[in-house]
Structures are given as C-alpha cells and as structure tokens.
Amino acid sequence: MDPEITAIVAPIDRIDVDTDAILPKQFLRSIEKTGYGTYLFDEWRYLDHGELGETKVRPLNPDFVLNQPRYADAEILLCRRNFGCGSAREHAVWALHENGFQALIAPSFGDIFANNCYKNGVLPINLSEEDVDRLFVAVALHPGYKLTIDLPRQTIQTPDEKVLPFVIDTFRKRCLIENLNEISYALAHSQKIREFESRRRAEAPWLFNSFSE
Amino acid sequence: MPRTLYDKLWDSHIVYAEDDGPTLLYIDRHLLHEVSSAQPFQGIRQAGRTPWRADANIAMADHNVPTVNRKNGVTDPISLVQIEMLTRNCEENDILLFDMNDRRQGIVHVVGPELGLTLPGMTLVCGDSHTSTHGALGALAFGIGVSEVEAVLTTQCLLTTRLKTMLVQIDGSLQPGVTPKDLTLSVVRKLSIGGGKGYAIEFGGEAVRELSMEGRMTLTNMTIEAGARSGLIGVDATTIDYIDGRLYAPKGSQWDMAVKAWKEFRTDEGAVFDATVALDAGTVQPMITWGTVPDMSVNIGDRLPDPGDEPDKQRRSLFERAYEYMGLKPNTPVTEIKLDKVFLGSCTNGRIEDLRAAAKIVKGRHIAANIKLAMVVPGSTMVKKQAEEEGLDHVFREAGFEWRDSGCSMCLAMNNDRLEPGERCASTSNRNFEGRQGQGGRTHLVSPAMAAAAAVEGHFVDVREMEGKSGS
C-alpha cells in the first residue's frame, strides 16, 4: 500500500470469515498470480456458480454488501474478528488486492492470512472490538465514509478528526514502506545460511540424505 | 533453564536474528503440491534463480487429482495444466516428485510421516494450512503462503517471528468408543476457532501419550482449526516406533545417532508456557459439527443449540446464518439429522487406523437407502495398498461404499468429488465452512467410526450402540 491513504471503507459484518469464502477452491486451479479479482467472495457476490475463465456477465446478488454502489471504490475493508481464517491460500489476498483493497481493519486476522497480506503490500490492522464496532456504525450511517491510514505514524484518522493508533511489527512496517523484498534480505545473509547448514549437516546428517527408489 | 519443545525447535533453527527484528529460520524439509507451487517456480524462473537445496524438497500431486479412472489421466483441461506444471517444475529443478500414479503418492500430510520424510526435531513447511499435522512427530511444522513457498525454495529459510506457547493438557483416558477425532473436535470447541491464534500449541497429558501416531496426527492436523499454525507433541517411544523402518527413515548408525538426538525433543520438566488449557479426556463423547465453522459442535446425545443461549451478539448472528445455510433448526436431536453422502478420507482421517475403525462398523452391514454416495478415499496410495492387503476394500465395497484412489478429494472439492447444492454429508475431514465441499453443500465433521455408522443408518447415530453388535 501507499504509506498514507485516504479511502472509502466497505464493511463485511461477519465474524470468522474463512479464505474459502474469500476465494473458493475452483479458482485455485489457475497457475497464474493474477486474474482472481472477479471471483472475490464469489459465492456471496453472485447468484450463479462461478468457474475459472468464464466470460459471461454474471447475475449479482443484490443482498451482498460489496455489490452496493456506495462501496464500489472502497480501498479499506472493515472486518470482524478472525478474518481470513482457514486455508493458507494466498490467492485470497490477491483477489482482495485486485479489487483495490490496500488495507483491512479487524479485531484479529487468521495468522497465515495476515502473513500473506504483508507479502502483497496489503496492510492488516488490528483494532479493539470496541473501535471496530464504532467504525461499523459510522460506515453504515455515512455513505462515502472515508478513513485516513498513516502507516509511518501508525494512525487511523476518522472524518471527525479522531485518531486511532495501531501497532505494527517494526520490520514489517519497514518492508511495506521501503518495499523491501524478503528473499533479497535472506540472500544478503547467504554466508550465514551456508554456515548454519554445514553445522547442521554435521549434527544431523540424516536430514541431508537424498532420496531415490 | 527448562525449555518447551517449541523453544528447542525454534532455538535450534535460528540462522540469524536481528535485535528487535525477525528471525531467519532454517527449514529442513519443504513439501510441495500442485496448488501452491506453480507461481513460486515461475517467480524463481523469472528471477533467474535455482532452488537453494533441491533435495530438501519433495513434491506430490494431491489436491486436485482424480480419485477414479486415474489411468485415463486428468480430464479437466485446467487441472491438467496445473498438474503437468508441477511435473515440469520438478524436472527442471531436480526435485523428487511422486506423481499421481506413483506408489508413494498421497496427501502431503499423510505421505510425509508415512515415508519417514517427517522426522522429530526438524522444521517442515508446506503451502497448506494443515501442515500442522507433522508436529505430532515432534517437528516444528506450519503452513505458509505462496510467497513463502518461493522464499523457502530460494533460500531454505523463512523470515519469521517467534510464536507464543500454549499447553493443552489432556488428562484422563478416552472412554471406549470415543476416538481421537472426537477429542480433536472437543479441543477445537474448547479453544474456539480463533483461540489459538499467535500460539504454537503443544498437546500433553496422559490421554495424548495414550494416542497412536495416527490419532496424534488427527489432533495436530486440526490445530489450525483453533487458529494455531503449529501443533506439537513431544517425542516418546510411540514416535520412535512409528518412524522405525519407514522407507526414508535413517538407517544403521545414522538411526542410532538420530534416536539419541530425537529424545531431547520434548518439553523439560518445569518449562513455562505462555498459556495453559486443561481438558479431561474422560468426559469426551462422540461429536459432530452442526454449523459452518469447526467449533460449532455438539455431542451425539445432544440437541442442536439455541442461538438465543449464545451471549455474544456476533456469534449469535453467525449461528442464525449457519442454521439457515445448513437447513437445520435449533433443538433438533442430532440423531434426527439425515444424510445424503458420506466421505471417509482426508489428511485428518485418511490413515490406515481410520479405515480400520470405519470398516469395523460397516462389516456385514450395508449403507442406508437414502445415502446417494458413500466413498472411501485413502490418504495415500500406500494406505490404500495396506487396506487392500487387509481386505478392507472388500468390506467397504460389500457395504455399498465406493473405493477410490488417494487424494484430497471431497475435503476441499477441487476435483470432481463434491456435494451438490443442499446435499448433506457426514465427513471425516477438517472444515465445514460454507461451500467447502461444494457450493451449497452441508458438511458435518465426524470421526471415521461415526461416519461409518451414519452411512449404515442413513442418519447420525451413537456409534457405541453399534459396536460389539455384529452386522452379519
């Protein structure tokens, strides 16, 4: 995400939203990293069954919150506790990202899902149940409700100038702001990895056997 | 200072740790499958890199393979591309692959332990959340996303942070007719679906020591259903006996050296956990899930809960939505729930003991007239072979079950094995989320014995009433 965003907030008012709901399994057959956006929340968003690669216009479910025009340009998703629990599928984050979501706010997230968010520049923010409750009320009351997220200062600012601080791991913050690549970071320590590996090979040689028939 | 099992595993894999920063953790074993590997291999290719240590990786096709007519190949063109891509990527990168016709093929979390690829004291990762399974062998194992799969392929390390530790102490013994799956479902209910977040959970106590390795793996497998990425069980004689003689287990002098090292991988007396939860195994009853998250479960003798009794407003609204989706009403006796399909398999309950337990119930009996499909999908090709050597395939076939080839199958319904809208299924798998086994499908998670009993009766029944009575 950009270090500072001011964007419309869309609400998903349901606890324990799993990654199967965020992106159903039939779309995991793709070998690509993109092309998941139209299938976000597929079973909730459309009235018919979705399949990979279909091009027909699909009937939208008018009862699904993200189909309301007021949330069309939302970049912040307001969620309930344990959002993104279940399967490790990173595709769920790709689908959110392709729909323009840069940040998610919830009392808590699934561990693997939150991890996957950071790897894709999507910021998962934990706020208290009370603060999240208040935001749900505000979003419902005010069409076009926007929040400003300032990552360097670790704050969320509401339209009525209330400032909600949030906590983020220092290194993860740095990765997001500097667009730091973790693989490059690890490779910069290649020598240390090699040294560790040779010690380990001596201590536990059975972990270095190669397998054949 | 006394250390927990998690502390020992973590400490022994630190390559580099920055002050107030993440740790570069060494990964001993990386399991790959077709669904979370195409993108990472493409990433490696684009970056002009090669795997850091090819022989630390083992790949197999499991999530999306057909479980019938396998000799005809994969008929779905999109799935075929994905499975062929795995083959191509393994060939290009010199990685050992068990393709769907290989005798060693199966679900990654069944195959790792059964071949001796999963060993105590190691770190093991896989792009799949049920990687927690392998922790039953005293390994630090957790699921990762696609980006991390690429990181492990490229560097053999993960940049990660230390978890908090939780001990789930399970004293007492399971009553006759109560299975490890029932214990597992009651642990998930006790902790709740999010209760383990941020923790590595170690299972200890008399009841855990008494479990077989298969039973232990059922328990650690579903640790992620309580929100924890890793489940752990300390090494004991059961662990060592299980590994001894496995295809890729260390042999000869390496074996002696390894066993000596492995015995250290248990929590020291007096080690302190960040949280402790206690459970009495003696009170556990056969269980079923009734709702759309794995902690919505009840005992077989109970009625379905009243949402009005749920104090938390959001939980109450999820209950109401779950009742609507599941087509059920509060206060219904569990035994009145009728079924359409029965699925026996998955990385939770697709092991030989699971098939034996189910076969014992169905022997000499037949599935009820209202059951449209009852299928057994062994967790691996080797489990299938073992079961056939024991004649279990005949028992199942004679009872009206289909006997399939191994794979993830209807646990996640990526292939053609799925529920149709509105169909109700007794499933030995791990997730009952909306649409998990097929859009509109209704999943009830149960043990293999309970699934078998439900198949015979056409509705849920207390399996203890059937045990001991012969069907033939």
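Each value in this text was obtained by applying a stated rule to the coordinates, not by laboratory testing. Since we're looking at a predicted model, the values are computed, not measured. For neighbour counting, all protein chains shown are included, and Cβ atoms are generated from backbone atoms with ideal geometry for every residue, glycine included.
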>> Regarding region B:36-118, what's the average projected area of the Cα-atom convex hull, expressed in nm²?
In response: 5.8
> What order do you get for B:T348, A:T170, B:T238 when you list them from fewest to most C-beta neighbours inside 10 Å?
Replying inline: A:T170, B:T238, B:T348
>> Can you tell me the mean projection area, over all orientations, of the convex hull of region B:395-441's alpha carbons? Units nm², please.
In response: 3.6
> Under a plain spin-label model, where a point goes 7 Å from the Cα along Cα-to-Cβ, how far apart in nm are B:V68 and A:T55?
Replying inline: 3.3
>> Pairs on different chains or at least eight residues apart, Cα atoms closer than 27 Å: how many lysine pairs in region A:4-179 fit?
In response: 11
> For region A:33-87, what Kirkwood radius comes out of the mean inverse Cα-Cα distance, in Å?
Replying inline: 13.0
> Using the C-alpha atoms of region B:344-468, what convex hull volume per residue, in cubic angstrom, is computed?
Replying inline: 88
>> Just checking the output field for B:148-156: average partner chain Cβ neighbours within 10 Å of each residue's Cβ?
In response: 5
> Helices from chain A with mean Kyte-Doolittle at least 0.0 and a Cα length along the axis of 15 Å or more, per DSSP H: which?
Replying inline: A:129-141
>> For region B:70-160, what does the convex hull of the Cα positions come to per residue, in cubic angstrom?
In response: 118
>> How compact is the protein assembly as shown by the rule of thumb for globular proteins, expressed as Cα Rg over 2.2 N^0.38 Å?
In response: 0.91
> What number, in percent, do you get for the relative contact order of chain B if the mean sequence gap of Cα pairs under 8 Å and at least 6 apart is divided by its residue count?
Replying inline: 17
>> Based only on other Cβ atoms within 10 Å, what is the fewest-to-most ordering of B:V334, B:V110, A:V65, A:V137?
In response: A:V137, A:V65, B:V334, B:V110
> Hey, what's the per residue convex hull volume over the C-alpha atoms of chain B, in cubic angstrom?
Replying inline: 151
> So what is the relative contact order for region A:4-179, in percent, with contacts set as C-alpha pairs under 8 Å and at least six apart?
Replying inline: 25
> Excluding same-chain residues fewer than 8 positions from B:K260, which lysines have a Cα within less than 20 Å of its Cα?
Replying inline: B:K8, B:K251
>> For region B:421-472, I need the span (max minus min coordinate) of the C-alpha atoms along each principal axis, in Å, sorted largest to smallest.
In response: 38, 18, 14
>> Give me the tail of P(r) for region A:4-179 as a percent: Cα-Cα pairs with distance above 22 Å.
In response: 42
